[in-house]
Amino acid sequence: MAEKITHSICVGGPIAIHTVDGVIRRIRPIIFDNNDPKGWVIKARSKVGGAQDAEYTPNRKAQPAFIALTEKNRAYSYDRIRYPMIREDFVETPDGKNRNTENRGKSEYRRASWDEALDLVAREIKRLQATYGKETITACTGSHHSWGLVGYKLSTFARFFRMLGYTEIKDNPDSWEGFTWGAPHTYGYYWRLGGTEAFDLLEDALQNVETMIMWSHDPDTTRGGYAGNESTMWRHWLDDMGVQFIYIDPYNNFSSVKQADKWFGPRPGTDAALCEGIAHVWITEGLYDKEYIAKHGHRFDEWADYILGKGVDKTPKDPKWAEEETGIPAADIKALARRWATTKTMGGSGLRGGFGGVCRTANGTEFARLMVQLFAMQGMGKPGQNIWSGTTGAPMDYNFWFGGYSDPLSQIANQPIADKTAVNPVTQKLYRPNVPDAILDGHYEWYGEGFCGGGIDLEFTEHIYPEPGYNKVHMFWRYGGTFMGTMLDTNKWIKMYQSPELEFVVNQDIHFHGEARFADVILPACTNLERYDIGELCNSGNGGYQSHSQTGNSWQVVVFQDKAIEPLWDSQSDYWIFAQVAERLGWGKDFTEGRTELDWCKRFWEKSDLCERISWEDFTKKGYYVAPVPENWERHPGFRWFAEGYPCDTPNHKPFQEEGKLGTFTGKFEFVSESLLYFAPDDEARTPIATYKPSWEGHRSIKARKYPFHLITPHPRFDYHTQHNSSTPWIWEIPENRKYIEGNPYLVARIHPEKAAEKGIKDGDLILLFNERGSVLCVARVTYRVEVNTIHAYGSSGIYNPTVPGEASMDIGGCVNILSPGKLMGSKVPGMAPNSTLLDVVKYEGEVPKTQYFEYKLDKVALQADPDAETCVEIIEGHGFEKIQAKVKAAYVGKVSE
Amino acid sequence: MANKIMVQHLFKLNGLYKEPDGKVLKIVLSEVYNLRCFEVKDGNLTGPLIKIHPESDRAKALVEA
């Protein structure tokens, strides 16, 4: 009965896990003890009515998001892949033909042993590479389906596939497209993929800011990315000081209803018009920092002429014009502009200052550029004037280094963690949003490198598939998560999976997500809680695209991710799975370098500053390490160097910044982009002068006559990408999330009361969202919190539940990205725009699907393996969960007593 | 801050530098006021992380390899 406490970390933050007799009993936040360091102290203004000065310091605990606290439910989830599985009608033909690929998604599965599944995978790899070459295999990961430097996608997965040789799939920056492809052309920061630098801006805000502009930003929902609820307290402090919060979002989001002094709900996709309307007020009323712009702006007057109606379109972008586009009254736009300009104002879009749903629209690049221009007009970098969205910029010891996931120094694929770096010999690539197009058409061309942090020119490199001299892809290994709920027009993924072009498909995952059911072989991985790993909260990699992202935390916490329980059922760690396949391919020892997962964890300790701070024994015993912030920490406020004209002193900067220059061609804020004039002067989506352009799928397009509603699918509140919500029925009990009706958890979609009345829809009705790309059945939430033309439903559903399995039929799982357009932002802008989706909605009056469609395949295999197995519905509804724990406990106690 | 120039940019990130004793270091990371290096032996990064302040005597003794 001894209770064991271990620690781990997931995308929602660090956690402590209590286990008794081999089963998880409780998960809670990590509470710091007296041996952990003191927190930083910021001296600033007091609360309204308080003393002259006040001190602000964080609570003495890590503050994970609520999803992290549901890891127990997720570990024993109904949709765990319990055993290796092989598609029942898969035929291992010697030439890869006639394998019933058209049945992928329809076929059921049979249980296989690990040896049978792994031997088959190894045989197919050998056959395919011998027939077509190494490039015939492609593989792709979901983003952040697990946390930890050993198990992360850029570590174990990358090591295996680079050693194997494969066609790499380049990720697109799907969370903040517009900022990546737009903002660098105005202010540089391509090495941060368009994001700004927020170093030490929390202190600046607490001391100076008077107004916060939260544009397309719901920080309590998106939590600074991976920072849990660490920054929630900061925004409360600001609120208590009397700082005014203005939220701009077609959805009066959860942070807004809690905090906003004013909410503006623009028509989706028209935010750039609102930017122009604000600029018009500032220019005509002289409400901008003329001295700053004269010194730091490039070709400002030409842009100002365009705003004033002296450009080619002869249309002043005045508030009345902006009202026509956005639906926001002109008087409100004027008031917003004046408040912004006459008070010290900070703000930003999305979870880290430069993200957010607006960036994921057809006009996202132009919004991002205009937003940077607006902050430049108010003297960006001066005290209390900056792009900062209240989720980053806490004090931090910049001289303590522990690797983050995107840091090449912190991946087992590379030295110095590995003895030898794994190098992929294949240069052919695919581009993630268009993988189905490439496979189905056999040809695809695109621009850019996905993540273009190496230089602004990389946005314009040309790619062609298949690359000259290479063969096409015939095998797909899908690892973690599902794109059915996160990519675009996702019914086309079904067609791809059913194509005979893909002779063999492997899926490796923890849960039976949307894409697993299309695989020939399914390999069950275990959760973070069932294996060893090591990681730091919110560290995406110093030197990476979000350098020092840990400033989104109040505390810098490195966690030893101890194994809390043994892998459940037949699941194994991802590392074990890849090592086993490598062994069968003849290079197992090269892959592992003789190391266990625990050995790799120790490598991260010994190759970082961590080994100077705490011994391996003490670290693994305590389970975590908190890096102290020196009492007089070095302040390097973001952008202050530029505003005040001294050499850049912020971390992760470029040499030209030491000359006081930005990363644009001119080193200034470019109101006419010289880089676009040079690389893409005819780009229809990103013109040299950033302008509002009505969306190619928006209220001014012809399609709006047929599909009058505008869907927005923001980053989810109850998920992290496709993790958690799909596998955690506890969360379905939240009425704003899902509603469980006859075996299916329907996703909530929000509609304005006026439109609901027109359609005869009442709160709680089933409603069908549909357009020419597909249909998704949701449950209606009738609320004034949405702009009148908008349907709001969170993206990233991990549940995909088509009523006719294997066909592009009505989905009842909530994969609203089935409806989003596959079109990229522009011919030279390879960003996706899921928030530029038109659709219609009707009250659903058909028969409610009565069968639990989505996991019967798992039940069949589970019952084959154990006639007393818990079915999915039993687990969802409660009793199966307890039964699983009782069985695991009995096995554990039996083993211990032996 | 104006008087604190980030001298680590006198060194090239990912550049190889030789110490007086012949040891070759690769600068893999430059934090605010520290160069982070690993020793290079036979083309491979080896040993623990080495921290060098860019204004230190050790830094001044480095020559490009």
Open item on the list: Take the conditions of a type in the set (Asp, Glu), under 30 Å from A:Gly760 (Cβ atoms) and surrounded by fewer than 23 Cβ atoms within 10 Å (Cβ to Cβ) and apply them to A:Asp840. Does it pass?
Closed with: yes
Open item on the list: Take A:Gly455 and tell me if it is modelled with pLDDT under 95 and more than 22 Å from the chain's Cα centre (by Cα).
Closed with: yes
Task: Matching residues in segment A:809-820 - criterion: being in contact with a strand residue (DSSP E or B) (Cβ under 6 Å, 6 or more places away or on another chain) and not β-branched (Val, Ile, Thr) - done: A:Ser809, A:Met810, A:Asp811, A:Gly814, A:Leu819, A:Ser820
Open item on the list: Exactly one of these conditions fails for A:Pro834: (1) closer than 30 Å to A:Asp682 by Cβ; (2) in a strand (DSSP E or B); (3) out of contact with any Asp or Glu (no Cβ under 8 Å at 6 or more places or on another chain). Give me its number.
Closed with: (2)
Task: Number of the exception - A:Trp732 against (1) surrounded by fewer than 21 Cβ atoms within 10 Å (Cβ to Cβ); (2) under 14 Å from A:His792 (Cβ atoms); (3) in contact with a Pro (Cβ under 9 Å, 6 or more places away or on another chain); (4) not small (Gly, Ala, Ser) - done: (2)
Task: The lone exception for A:Tyr678 - which of (1) surrounded by fewer than 21 Cβ atoms within 10 Å (Cβ to Cβ); (2) aromatic (Phe, Trp, Tyr); (3) within 14 Å of chain B (Cβ to nearest Cβ) it fails - done: (3)
Task: Test: A:Gly774 is surrounded by 18 or more Cβ atoms within 10 Å (Cβ to Cβ), at pLDDT 95 or above and not hydroxyl-bearing (Ser, Thr, Tyr) - done: yes
Open item on the list: Let me spell it out: the conditions are (1) in a loop (DSSP other than H, G, I, E, B); (2) touching a helix residue (DSSP H, G or I) at 6+ places or on another chain (Cβ under 9 Å); (3) modelled with pLDDT of 95 or more; (4) not hydrophobic (A, V, I, L, M, F, W, C), and A:Lys314 meets all of them except one. Which number is the exception?
Closed with: (2)
Open item on the list: Looking at (1) free of Cβ contacts under 8 Å to residues at least 24 places away in the same chain; (2) under 29 Å from A:Met484 (Cβ atoms), which one does A:Ile439 not meet, given that it meets all the others?
Closed with: (1)
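If I ask for residues that are closer than 30 Å to A:Trp114 by Cβ and of a type in the set (Ser, Thr, Tyr), which ones from segment A:541-581 would you list?
A:Ser571, A:Ser573, A:Tyr575 - these are the residues of segment A:541-581 that are closer than 30 Å to A:Trp114 by Cβ and of a type in the set (Ser, Thr, Tyr).
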Open item on the list: Considering only segment A:583-597, I want to know if a residue exists there that is at pLDDT 95 or above, of a type outside the set (S, T, N, Q) and closer than 30 Å to A:Phe881 by Cα.
Closed with: yes
Task: Hey, A:Asp33 out of contact with any Ser or Thr (no Cβ under 8 Å at 6 or more places or on another chain) and without any contact (Cβ under 8 Å) to a residue 24 or more places away in the chain or not - done: yes
- [ ] Restricting attention to strands (runs of 3 or more DSSP E) lying wholly within segment B:11-65, give those where 3 or more residues are at pLDDT 90 or above and facing another protein chain (nearest Cβ under 9 Å).
- [x] B:44-52
Task: Subset of segment A:731-783 (residues that are among the basic types (Lys, Arg) and under 22 Å from A:Ile875 (Cβ atoms)) - done: A:Arg738, A:Lys739
Open item on the list: Every residue in segment A:860-894 that is part of a helix (DSSP H, G or I), farther than 14 Å from A:Ser77 by Cα and free of Cβ contacts under 8 Å to residues at least 40 places away in the same chain, please.
Closed with: A:Leu863, A:Ala886, A:Lys887, A:Ala890, A:Gly894
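Counting only residues that are within 14 Å of chain B (Cβ to nearest Cβ) and without any contact (Cβ under 8 Å) to a residue 12 or more places away in the chain, which one in segment A:569-614 is farthest from A:Glu870 (Cα to Cα)? I'd like the intermediate steps shown before the answer.
To start, the set of residues in segment A:569-614 that are within 14 Å of chain B (Cβ to nearest Cβ) comprises A:593, A:602-613.
Going one step further and asking which of them are without any contact (Cβ under 8 Å) to a residue 12 or more places away in the chain, we end up with A:606, A:611-612.
Details: A:Glu606: 44, A:Cys611: 45, A:Glu612: 48 Å.
Top of the filtered list is A:Glu612.
For (1) within 21 Å of the chain's Cα centre (by Cα); (2) among the acidic types (Asp, Glu); (3) crowded, with 24+ Cβ neighbours inside 10 Å, each residue gets a yes or a no:
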{"residue": "A:Tyr226", "(1), (2), (3)": "yes, no, yes"}
{"residue": "A:Met233", "(1), (2), (3)": "no, no, no"}
{"residue": "A:His236", "(1), (2), (3)": "no, no, no"}
{"residue": "A:Gly242", "(1), (2), (3)": "no, no, no"}
{"residue": "A:Lys258", "(1), (2), (3)": "no, no, no"}
{"residue": "A:Asp261", "(1), (2), (3)": "no, yes, no"}
{"residue": "A:Asp271", "(1), (2), (3)": "no, yes, yes"}
{"residue": "A:Gly277", "(1), (2), (3)": "no, no, yes"}
Open item on the list: For segment A:133-249, give me every one of the strands (runs of 3 or more DSSP E) that falls completely inside it and has 2 or more residues that are in contact with a Ser or Thr (Cβ under 7 Å, 6 or more places away or on another chain) and not β-branched (Val, Ile, Thr).
Closed with: A:211-215, A:244-248
Open item on the list: Among the residues of segment A:42-77, what is the count of those that are outside any strand (DSSP E or B) and in contact (Cβ under 8 Å) with a residue 40 or more places away in the chain?
Closed with: 21
Open item on the list: Considering only residues that are within 13 Å of chain B (Cβ to nearest Cβ), among the charged types (D, E, K, R) and under 14 Å from A:His636 (Cα atoms), which ones fall in segment A:372-416?
Closed with: A:Asp397
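One line per residue, one yes/no per condition, for (1) surrounded by fewer than 24 Cβ atoms within 10 Å (Cβ to Cβ); (2) outside any loop (DSSP other than H, G, I, E, B); (3) of a type in the set (A, V, I, L, M); (4) assigned by TED's automatic domain parsing to the domain that holds A:Gly485:
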site	(1), (2), (3), (4)
A:Ala756	yes, yes, yes, no
A:Gly764	yes, no, no, no
A:Leu769	no, yes, yes, no
A:Ala780	no, yes, yes, no
A:Pro805	yes, no, no, no
Task: Among (1) under 31 Å from the mean Cα position of the chain (by Cα); (2) away from chain B (no Cβ under 13 Å); (3) closer than 28 Å to B:Phe11 by Cα; (4) surrounded by fewer than 17 Cβ atoms within 10 Å (Cβ to Cβ), the one test that A:Thr664 misses - done: (4)
Open item on the list: I'd like to know if segment A:635-650 contains one or more residues that are farther than 30 Å from A:His7 by Cβ, basic (Lys, Arg) and either at the interface with chain B (Cβ under 10 Å from one of its Cβ atoms) or buried (at least 17 other Cβ atoms within 10 Å of the Cβ) (or both).
Closed with: yes
- [ ] Filter segment A:225-253 down to residues that are of a type outside the set (A, V, I, L, M) and touching a Cys at 6+ places or on another chain (Cβ under 6 Å), then give me how many there are.
- [x] 1
TODO: Given the conditions (1) within 13 Å of chain B (Cβ to nearest Cβ); (2) free of Cβ contacts under 8 Å to residues at least 12 places away in the same chain, report the number of the one that A:Pro630 does not fulfil.
DONE: (2)
Task: Any hit, segment A:77-96, residues being under 16 Å from A:Lys563 (Cα atoms) and among the charged types (D, E, K, R) - done: no
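Looking only at segment A:347-394, how many residues end up being of a type in the set (D, E, K, R) and farther than 19 Å from A:Ala205 by Cβ?
So the count comes out to 3.
The values are calculated or read from the model by the stated rules, or taken from the named source; none is laboratory data. Only a predicted model underlies this, so the values are computations on that prediction, with no experimental measurement involved. Methodologically, a virtual Cβ is constructed for each residue, glycine included, from the backbone with ideal geometry; neighbour enumeration extends over all protein chains shown.
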